[in-house]
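Just below is one structure, and these are the notes that go with it.
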There are 2 protein chains.
Amino acid sequence: MASDVAPKAPPVFDEGFRDRLRDLLVWRRDVRRFRTDPLPSDTALRLIESARLAPSVGLSEPWRFATVSDPERRRAVRENFRTANENALAGYSGEKAQLYATLKLSGMDQAPLQIAVFTDETSEQGSGLGRATMPETFAYSAVAAIHAMWLTARAEGIGIGWVSILNPAEIPAILDTPSDWRFIAYLCIGYPEIDSSSPALEEAGWERRRPTMDFVIER
Amino acid sequence: MASDVAPKAPPVFDEGFRDRLRDLLVWRRDVRRFRTDPLPSDTALRLIESARLAPSVGLSEPWRFATVSDPERRRAVRENFRTANENALAGYSGEKAQLYATLKLSGMDQAPLQIAVFTDETSEQGSGLGRATMPETFAYSAVAAIHAMWLTARAEGIGIGWVSILNPAEIPAILDTPSDWRFIAYLCIGYPEIDSSSPALEEAGWERRRPTMDFVIER
């Protein structure tokens, strides 16, 4: 367990660490273009171990991880993406459709490591604490785990891309996951072709970030 | 914007940083016991700025933040928690009920800074990219933002507690938020009474973490 490897006295984080943490957040990207060189063989396990340091509602640890290496299953997920992406393209018109068609929105064809993330919706771990009125907190716990994994990966120079352009109803059958698992995310993982401090969708002209105060109200 | 302050060359993260990042993840807690000393006055804005470095589906930045300082609104949120917590307690029996009654599950009575997090479900930023089949990715983006904020806070010695024992349908009225905002989380923020590398629910005997391999399948 994590506490076994933790230092005994609380760590003190200094200004230098905080600056580097900010760099890490600034340079974490949703990666769609991967180099094909393999990752260290223990990468999946190490990333999943870091994911488990995220908060979970009621200490429920509802996250579940399926590492996907079977070529036929990978092909089926790619096909699922292709169909969902074609349908998405059909929803745009004019310049937006032209631009959408040029975007690379999945690295499934290249990423050496691929992990699907689920929640076990029937898990009794945590005894329901904290989710009686907000059952979606199981999914939220899995998302926090994904973000922890993402930062840990980036600190090793490893990129992650979250693919959500999928028909989520079909993924459990493709991956033969337990019937109570709910699909949350499909992660492509590998060394990125490039590092960048701006989102690929901003660089491609799809969207731009807005000022912080656009998102804040005071009450 | 974040890119304005980013270094121009990609940062290199070394082993020392990775060890400290792991310490940060290990020592991040869901805090319910706060000291009442005030935080630096720019804390809310700085934490929200770090939250915005999280990934968002289609660069939609759907997260919205309401800082809550009005005493009457805070009282109403506390009352909402009290009712939801009583209802939750009524769902347990025997030893579990006795233990639940002893748990402190919200720091609303002490936390000097309180921020409610929402998504704007009607935002057109991102033009729907990535969420046609999985609209829940708006909420997931907000959760990633919360986790980014949480780590940034911890690196400053500041604790965050996520309160989900609330009736989410009533929060928008209490906080008078725009009608299209969906409630995601209520965050209590302040200096923690103690630092710990194990979850409070584990120390209280409510639940324990399980081995990593319990959560992983290979496909």
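Residue by residue through the range B:106-159, note down the ones that are free of Cβ contacts under 8 Å to residues at least 12 places away in the same chain and of a type in the set (Val, Ile, Thr). Within the range B:106-159, B:133 is the sole residue that qualifies. Is there any pair with a first residue in the range A:8-33 that is farther than 21 Å from residue A:149 by Cβ and a second that is aromatic (Phe, Trp, Tyr) whose Cβ atoms are under 7 Å apart and which are 6 or more apart or on different chains, and what are they? Listed by first residue and then by second, the contacts come to A:10/B:27.
Can you find even one residue in the range A:142-162 that is in contact with an Asp or Glu (Cβ under 8 Å, 6 or more places away or on another chain), surrounded by 21 or more Cβ atoms within 10 Å (Cβ to Cβ) and closer than 23 Å to residue B:210 by Cβ? Within the range A:142-162, none of the residues are in contact with an Asp or Glu (Cβ under 8 Å, 6 or more places away or on another chain), surrounded by 21 or more Cβ atoms within 10 Å (Cβ to Cβ) and closer than 23 Å to residue B:210 by Cβ. Considering only the range B:100-109, I want to know if a residue exists there that is closer than 25 Å to residue B:174 by Cβ, in contact with an Asp or Glu (Cβ under 8 Å, 6 or more places away or on another chain) and at pLDDT 95 or above. Within the range B:100-109, not a single residue is closer than 25 Å to residue B:174 by Cβ, in contact with an Asp or Glu (Cβ under 8 Å, 6 or more places away or on another chain) and at pLDDT 95 or above. Condition test on residue B:194, is it over 28 Å from residue A:178 (Cβ atoms) and within 9 Å of another protein chain (Cβ to nearest Cβ)? Yes: the conditions hold for residue B:194. Scanning the range A:157-170 for residues that are within 7 Å of another protein chain (Cβ to nearest Cβ) and over 16 Å from residue B:56 (Cβ atoms) yields A:166, A:167, A:168. Residues in the range B:95-129 that are out of contact with any Gly (no Cβ under 6 Å at 6 or more places or on another chain) and at positive phi: B:127, B:128. Among the residues of the range B:15-55, those identified as of a type in the set (Val, Ile, Thr) and touching a Ser or Thr at 6+ places or on another chain (Cβ under 7 Å) are B:26, B:48. Assess whether residue A:94 counts as being surrounded by 17 or more Cβ atoms within 10 Å (Cβ to Cβ), among the small types (Gly, Ala, Ser) and out of contact with any helix residue (DSSP H, G or I) (no Cβ under 9 Å at 6 or more places or on another chain). Answer is no for this residue.
Which of the residues belonging to the range A:47-68 are more than 16 Å from residue B:197 (Cα to Cα) and over 15 Å from the mean Cα position of the chain (by Cα)? Matches in the range A:47-68: A:57, A:58, A:60, A:61, A:62.
Here residue A:219 clears all of (1) more than 8 Å from chain B (Cβ to nearest Cβ); (2) touching a helix residue (DSSP H, G or I) at 6+ places or on another chain (Cβ under 6 Å) except the condition numbered (1). Can you tell me which residue is surrounded by the fewest Cβ atoms within 10 Å (Cβ to Cβ) among those in the range A:35-90 that are hydroxyl-bearing (Ser, Thr, Tyr) and over 20 Å from residue A:181 (Cβ atoms)? Once the filter is applied, the top-ranked residue is A:41.
To keep it simple, each residue is scored yes or no on (1) among the small types (Gly, Ala, Ser); (2) touching a Ser or Thr at 6+ places or on another chain (Cβ under 6 Å).
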{"position": "A:114", "(1), (2)": "no, no"}
{"position": "A:122", "(1), (2)": "no, no"}
{"position": "A:133", "(1), (2)": "no, no"}
{"position": "A:139", "(1), (2)": "yes, yes"}
{"position": "A:145", "(1), (2)": "yes, no"}
{"position": "A:150", "(1), (2)": "no, no"}
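The residue of the range A:173-207 that is nearest to residue A:30 (Cα to Cα), among those that are surrounded by 14 or more Cβ atoms within 10 Å (Cβ to Cβ) and free of Cβ contacts under 8 Å to residues at least 12 places away in the same chain, is A:198.
The values are calculated or read from the model by the stated rules, or taken from the named source; none is laboratory data. A quick note: this is a predicted structure, and the numbers were derived from the prediction, not measured. Note that we place each Cβ from the backbone using ideal geometry, even for glycine, and neighbour counts take in every protein chain shown.
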